[in-house]
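These notes are about the structure you will find just below.
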Amino acid sequence: MLKTIGRFTVTCIFLLSFNTLEAQNKYSLKDLVDSATNHLPVLLQKQALINSAKANITDAKNSFLPKLTVGDELSIGSANDLNGTYLPIGGIVHATSGSIRAGNDNSPATGNIASAFAEYDLVNFGLRGAKVGNAVAYANLQQADFDKELYVLKLQLSKLYFNVIKNTYQLHIDQQNINRYQSVMTIISALTSTGIKPGVDSSMAKAELSKVRVSYNLHEGAIKQLKQQLSFLTGIRAPEINLDTLRKDSQVQATHLFGSMTDTVSNPLLKYYSQQEVLYQSAEKLVRKSYLPKIILAGGGWERGSSIQYNGYQPLSTGLGYQRFTYAGGVAITYDLFNVIHRKNKAAVSHYQTKAAGYELEQQKQTLNNANIQAGEVIATAEKNLAELPVQLQAATDVYNQKVAQYKAGVINLIDLTNASFLLYSAQLNYVETLNDWYLGNLDKAASTGNLDLFIQTIKR
């Protein structure tokens, strides 16, 4: 296979006369990928999302630090509350102290209180680990999303790269065809001047030449459009994009590299969906841990002053200092008895999300496996045709040369010569199309098996 492919490429390069192009400064496929990686805003956006997700991991860890609240309040107001208990209602503010008179007294009283309260979840039954694990899973998903986006970009660049080269090859084939018809025009002019050939041959040749020039213009326009797409993705100015041609020693390696599907660890097109499933699994665990009891260690102390004393209202200044100090500490267990219902509902939501992610992962596996099989069929077909096309190309070249000689001798008419030229032109185009199919088949196989980076490394100067 090595010798066969090498012979094909040597023939193609000889056929398309790329010696003049080799002297130019060109971009390899890897050069384009490197440029796009540092250029596209969408990649910078996804990198920022990764950084945000990593910061969220730190936030999740720090959310379980002890709580320590301190405060100091100085107040003035009346104190006409009554003894007794009531449930807290928004907007109602408890008075600074209870009443000591039978009736209302709107005289102001001052109060001062400073407090400190600390609280720590002594035992949370794995809630901290579940919350941090969920944050880590989300960060991993963001990284997998970035890797997938970059992987798809590399695939897109690779397809554009091969399409530019294919159209460049076709452009040179059109140029060769133009040269052939210009040679025919020269022959016709010589034969017409001697009266051997009628002038109508000249008109027919002009029509064929015009048709070939139209094809040349189409391929030239296609190259400019493709280069503009490359410019958008890479940031390189379109006129400056000259691509490296394909070397024979970089073609063969692909057939030995991409033979089987890889696992979810190495294929970015699968890893994203795998990480998505992991995220939902961590969310399920977080739901289970969120509704478990908590054992809380709490402690606090406060100092207070008031201008209302046991013997009645005192001057306002007496309430500005701290007069009493109190402290308390303890361990408490808290649990909402309705948590069983809440946990069941939330767990059901997370469970079905996990199942959906699993089905999506399996769908992607089947899709890539199918793409891998189809790529193998394309490669096999292209290799069979590449074994036949050199024969066709050589035969078409011989036929054309014979027809030129016969036309000069007046044995055949221009239609026969035109048919021979078209046969050679078609053989050249078939060769380029088939070679491009072979490359794209290996590209698809590499992408579906997670070996795209390895493939890109083989396509180099």
Quiz item: Would a scan of region 190-209 turn up a residue that is out of contact with any Gly (no Cβ under 9 Å at 6 or more places or on another chain), modelled with pLDDT of 90 or more, loosely packed, with under 13 Cβ neighbours inside 10 Å and not in a loop (DSSP other than H, G, I, E, B)?
Solution: no
Exercise. Look at region 403-459 and say how many of its residues are surrounded by fewer than 18 Cβ atoms within 10 Å (Cβ to Cβ) and on the phi > 0 side of the Ramachandran plot.
Key: 1
Self-check item: Filtered residues of region 28-64 (kept if of a type outside the set (Ser, Thr, Tyr), surrounded by fewer than 17 Cβ atoms within 10 Å (Cβ to Cβ) and not in a helix (DSSP H, G or I))
Solution: 38, 39, 64
Quiz item: In region 65-84, which residues are at pLDDT 85 or above and either surrounded by 13 or more Cβ atoms within 10 Å (Cβ to Cβ) or polar (S, T, N, Q) (or both)?
Solution: 69
Self-check item: Flag for residue 33 being within 30 Å of residue 455 (Cβ to Cβ) and either modelled with pLDDT under 80 or within 54 Å of the chain's Cα centre (by Cα) (or both)
Solution: yes
Quiz item: If you scan region 143-181, which residues turn out to be buried (at least 19 other Cβ atoms within 10 Å of the Cβ) and either in contact with a Lys or Arg (Cβ under 7 Å, 6 or more places away or on another chain) or assigned to a loop (DSSP other than H, G, I, E, B) (or both)?
Solution: 144, 145, 146, 164
Quiz prompt | Unique match (being touching a Ser or Thr at 6+ places or on another chain (Cβ under 6 Å), at pLDDT below 95 and among the charged types (D, E, K, R)) among 121, 174 | solution = 174
Quiz prompt | Residue check, residue 423 in a helix (DSSP H, G or I), touching a residue at least 40 places away in the same chain (Cβ under 8 Å) and of a type in the set (A, V, I, L, M) | solution = no
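Residues are listed down the side, and each one gets a yes or a no for (1) free of Cβ contacts under 8 Å to residues at least 40 places away in the same chain; (2) under 56 Å from the mean Cα position of the chain (by Cα); (3) surrounded by fewer than 11 Cβ atoms within 10 Å (Cβ to Cβ):
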| residue | (1), (2), (3) |
| --- | --- |
| 291 | no, yes, no |
| 299 | no, yes, no |
| 317 | no, no, yes |
| 341 | yes, yes, no |
| 351 | no, yes, no |
| 363 | yes, yes, no |
Exercise. Give region 217-244 a look and list any residue that's among the aliphatic types (A, V, I, L, M), part of a helix (DSSP H, G or I) and surrounded by 15 or more Cβ atoms within 10 Å (Cβ to Cβ), or say none.
Key: 222, 223, 226, 230, 233, 238
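The values are calculated or read from the model by the stated rules, or taken from the named source; none is laboratory data. Keep in mind that what you see is a predicted model, and the values were worked out from it rather than measured. Reconstructed Cβ throughout: ideal geometry from the backbone, glycine too, with neighbour counts over all protein chains shown.
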